[in-house]
């Protein structure tokens, strides 16, 4: 065995490799390295921190690993390779880990053969939540050279004292899907774990980040290496044989058919059957789980009715049992499925074989996300990625046209890192303490070095520590007992004194291990059919189920045979079944796309008014590559909007008043050129200002491009002149946003997640001790106000508020736009305008409470009394 | 007269003043009845692993102090579920002891009735003050008072256990359900989530025409009339439920 000196043939990237590695590569890839590989190898070999940005299917895995494999093989050849951990690979997807292992096995096996060895000198291990206890022990006692893991498992390993020495020799950290991790709390958690791992190493390991397309100068690089290191960002062009994606936009409804959702759904099924007949495999992104279920159920029923094979359709989402999902992934890889419908779970990573078309129902929300989904198709060599946006309303159609337009131009959104989330700080502090006593100063220093935590204030850090040490409990009550003061909080996690902290008891370690991670899932009940786990439904839904009830899961209609605590037993039924409810965030447009839609809307309106309908139709067809009937559908929408109102301008705010959906309310619909997060901020401030003047409960409904407020009809006449102008005054805006938030439910609902991530309230409590009296909503309804009252500057209240103000509400964008003093245009309409119905869709509203409960109940009382006297309630 | 207002804040039902502090007070015998205190709720959460602020004893005492300030009370009947945990810890026992001492200091006699959460507490006892021996039922002026988790033969029954509440426009108001032969008490503890009387499934006894709903709102109670009428009206009053509805919503365009 021998190693060659590095060849320096310029321009040939594989020249950096030892002969066996090179020989394997050249034999396997006669076309030579992809651009991504050619860029990455020298930089990685030169020991730089690298962020490799390249489209999917450009050989990223080898780009990251081959240089590392080469280094390890060289050391092995010189008998310098110790049996210790050298490289940690982290991916956000558990199933992806197995793919990576498979993808590594081929080169390792090939290189072994080139070297003529019986066994590869390099060992690879996988550690995820699915790893068996036996395998976990084996990994700990005989660590592999390359460890493949997830952010959660890495955090668990770091919390174990037994692993501390294992990290010493690590030289490389490979982080996959950086673009997906960076803007999330999960990513923030990982960025701290990376620093903690680095702290245990002898030589600071090199970081290699892999990312789908992201913009130049993006914060993804800062996320990867933190503020103290330099990172080389490599933008790899698509491989030469790759083709640009094609994107089609289709409307499921024809002009004149607006509002017929049943019709749109029937057409959707027909269109999907067409795709199934012509394409080998289609993946349908349905955004929400319930829709995924509905599509697959209907496709299957249709197939059965026609005597066709129904097993070629499958649903894939995170409420399905893990094993069931694995089966579906395998079926996809082996080409046994025609259509797989997914909420978001097939969006990332996991190798799903050869997909011909990616179909998006409605809108993907952003350009990056659409390109990511689209990139799941056409991965065969030489094939072209193909995507279809299927829309069922004119507003969706408009959004889809704009999304496609921006996607063709590659206008992807910038990555936004969540700045120093305090709930993640809390979880990481507990994790650190689980591994052993920790110095407070060191902990702070480690946190500051991570890309996500570089802005963490010392004061906030210390308050997190104080909370975990049980020092932020209730203040002394009026009835404080004199002797033996009880603890201020239950079950404190840490002790903290003299600049050190550690866990209070071994129970804390157990709780940490059972609750690690930042992924929020609603409490759920598992669903079993004939003893086999199918998946789960949320507890809030399961609570209402009784024997004989029917619902849909795994694309099948099921009937409840038995309800136990935490488990629902079902059998298949052929009767009609309902869709379970799953809590999910409604997808919304990105800031950039919303602004684009507003601009296009305005431009379309201008053309319609100045040049007429035909010109608009042509413009839609030409400029936006829209088909004829889709253009006519939009033309209809614009013409009817212009007939009763007007097209909202960019520097105007158009407010349309009309009777509300229930006739007991008056609706004020505000049209602005902003995305939902900015509209959330505006809507809350405006609601707060309305509520202060009117003194009654209101409800708001927020969407992309506008919001609506419902006002009780009986007080509509008392609305003072000028209320709308006042409501849009930028002065005191932030205070009023906060008031609007206080009177709604948004922060309390977010607090629920924050409390879970910070390990304040455990998702998986001590077995057999779950407290049920408070109900599923206890944390939002009781704990949130309690903590807020006893400790207003509690770090978790601060985090929930920050998350709402910065992540859910886009206050800066809202303020910037208000600062331009948009002109107010008011219109009174006989009914909600076409644009209001199309975009704002009032009715799915959140109550904003201004009355005391006594006043509201008095109103209820008088209403009931009136009803008893014969009026309508 | 069966129903009358005592002061502007309470509601009188067969001699029982229903108070906004979630108590029924017999003015004649100066006896207050409350149920479902779930003391030690936070400690139970703590033993499950939650790290939450101490609060239930202070809230209980605050609410009782409010009640006693308006009604002269000499005897307090706790109609079951004094504690939350079926495995009460030391902190819970201390809270119970403190409550007992606090009542004792004010010269108020305590009568505890057995609730389904209290079994272990009764076995274990609260050593410091006296043997804690809750009874199954208590008779007063022809009314039987019991927790309500077991069937009990009684002509007129005052019970707890069900935690009735009225949900309305994002608000949750604890409520009493009353008829000539029953008073169902709301949970005294704010930690109990409650059974929604307007929309949830209800026991047969509540579905009778004569059952009326009296809601506690901050510092007053409000008589809202027959529960049946509330349930019938709830469709019009209901706030739309958030979340994706996939039943097609037909909406014809009203504009030309």
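The values are calculated or read from the model by the stated rules, or taken from the named source; none is laboratory data. None of these values were measured; they are calculated from a predicted model. Backbone-built Cβ (ideal geometry, glycine too); neighbour counts: all protein chains shown.
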Out of the residues in the range B:206-235 that are touching a residue at least 24 places away in the same chain (Cβ under 8 Å) and more than 10 Å from chain A (Cβ to nearest Cβ), which is surrounded by the most Cβ atoms within 10 Å (Cβ to Cβ)? B:227
Considering every residue within the range A:828-843, establish whether at least one is assigned to a strand (DSSP E or B), more than 7 Å from chain B (Cβ to nearest Cβ) and touching a strand residue (DSSP E or B) at 6+ places or on another chain (Cβ under 8 Å). yes
Filter the range A:288-321 for residues that are under 19 Å from the mean Cα position of the chain (by Cα) and assigned to a helix (DSSP H, G or I); which is farthest from the other protein chains (Cβ to nearest Cβ)? A:292
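Collect the residues in the range A:698-711 that are out of contact with any strand residue (DSSP E or B) (no Cβ under 6 Å at 6 or more places or on another chain) and within 14 Å of chain B (Cβ to nearest Cβ), keeping them in residue-number order. Even if it seems obvious, please write down each step before you answer.
Taking the range A:698-711 as the starting set, the residues that turn out to be out of contact with any strand residue (DSSP E or B) (no Cβ under 6 Å at 6 or more places or on another chain) are A:702-705.
Passing the criteria: A:702, A:703.
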Given the conditions (1) touching a strand residue (DSSP E or B) at 6+ places or on another chain (Cβ under 6 Å); (2) at pLDDT below 95; (3) under 30 Å from residue B:58 (Cα atoms), every one holds for residue A:386 apart from (3)
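Is one or more of the residues making up the range A:747-757 touching a strand residue (DSSP E or B) at 6+ places or on another chain (Cβ under 8 Å), part of a helix (DSSP H, G or I), within 14 Å of another protein chain (Cβ to nearest Cβ) and more than 28 Å from residue A:701 (Cα to Cα)?
Quick first cut of the range A:747-757, residues touching a strand residue (DSSP E or B) at 6+ places or on another chain (Cβ under 8 Å) only: none.
No, the range A:747-757 contains no residue that is touching a strand residue (DSSP E or B) at 6+ places or on another chain (Cβ under 8 Å), part of a helix (DSSP H, G or I), within 14 Å of another protein chain (Cβ to nearest Cβ) and more than 28 Å from residue A:701 (Cα to Cα).
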Contact list please: Cβ distance under 6 Å, first residue in the range A:844-864 and under 20 Å from residue A:708 (Cβ atoms), second residue modelled with pLDDT under 80 and assigned to a loop (DSSP other than H, G, I, E, B), pairs at least six apart or on different chains. A:847/B:169; A:847/B:170; A:847/B:239; A:849/B:170
Only one of A:779, A:787 is within 26 Å of the chain's Cα centre (by Cα), free of Cβ contacts under 8 Å to residues at least 40 places away in the same chain, crowded, with 21+ Cβ neighbours inside 10 Å and at negative phi, namely A:779
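Listed residues A:262, A:256; which is at pLDDT below 90, assigned to a helix (DSSP H, G or I) and surrounded by fewer than 16 Cβ atoms within 10 Å (Cβ to Cβ)?
One residue alone meets the criteria, A:262.
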Among the residues of the range A:691-710, write down those that are in contact (Cβ under 8 Å) with a residue 60 or more places away in the chain, farther than 18 Å from residue B:171 by Cα and not in a strand (DSSP E or B). A:692, A:694, A:704, A:705
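If you take the residues in the range A:844-864 that are more than 8 Å from chain B (Cβ to nearest Cβ) and not in a loop (DSSP other than H, G, I, E, B), which one is surrounded by the most Cβ atoms within 10 Å (Cβ to Cβ)? Don't jump to the end; show me each part of the working.
Residues of the range A:844-864 more than 8 Å from chain B (Cβ to nearest Cβ): A:848, A:850-851, A:855, A:859, A:862.
From what is left, the residues that are not in a loop (DSSP other than H, G, I, E, B) are A:848, A:855, A:859, A:862.
Working: A:848: 26, A:855: 15, A:859: 16, A:862: 10.
Of everything passing the filter in the range A:844-864, A:848 is surrounded by the most Cβ atoms within 10 Å (Cβ to Cβ).
Among B:170, B:194, which is the only one that is closer than 24 Å to residue A:855 by Cβ, more than 18 Å from the chain's Cα centre (by Cα) and within 14 Å of another protein chain (Cβ to nearest Cβ)? If you could, list the steps in order and put the result at the bottom.
On the way: B:194 fails: more than 18 Å from the chain's Cα centre (by Cα).
The conditions single out B:170.
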Does the range B:144-151 include one or more residues that are within 23 Å of residue A:544 (Cα to Cα) and not in a loop (DSSP other than H, G, I, E, B)? no
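Please pick out the residue among A:415, A:393 that is surrounded by fewer than 24 Cβ atoms within 10 Å (Cβ to Cβ), at pLDDT below 90 and within 25 Å of residue A:375 (Cβ to Cβ). Step through it out loud before you land on a result.
Numbers: A:393 fails: within 25 Å of residue A:375 (Cβ to Cβ).
Sole residue among the options that is surrounded by fewer than 24 Cβ atoms within 10 Å (Cβ to Cβ), at pLDDT below 90 and within 25 Å of residue A:375 (Cβ to Cβ): A:415.
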Mind checking whether some residue in the range A:656-667 is buried (at least 24 other Cβ atoms within 10 Å of the Cβ) and either assigned to a helix (DSSP H, G or I) or out of contact with any strand residue (DSSP E or B) (no Cβ under 9 Å at 6 or more places or on another chain) (or both)? no
Identify, from the list A:290, A:319, A:276, the residue that is within 20 Å of residue A:377 (Cβ to Cβ), touching a strand residue (DSSP E or B) at 6+ places or on another chain (Cβ under 9 Å) and either surrounded by 18 or more Cβ atoms within 10 Å (Cβ to Cβ) or touching a residue at least 60 places away in the same chain (Cβ under 8 Å) (or both). A:276
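Condition test on residue A:725, is it closer than 30 Å to residue A:595 by Cα, loosely packed, with under 15 Cβ neighbours inside 10 Å and in contact with a strand residue (DSSP E or B) (Cβ under 8 Å, 6 or more places away or on another chain)?
Yes: the conditions hold for residue A:725.
Each row is one residue, and each column tells you yes or no for (1) touching a strand residue (DSSP E or B) at 6+ places or on another chain (Cβ under 6 Å); (2) crowded, with 24+ Cβ neighbours inside 10 Å.
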| residue | (1), (2) |
| --- | --- |
| B:133 | no, no |
| B:137 | yes, no |
| B:147 | yes, yes |
| B:171 | no, no |
| B:176 | yes, yes |
| B:187 | no, yes |
| B:198 | yes, no |
Do the conditions hold for residue A:739, that is, is it away from chain B (no Cβ under 14 Å), touching a residue at least 40 places away in the same chain (Cβ under 8 Å) and closer than 30 Å to residue A:466 by Cβ? yes
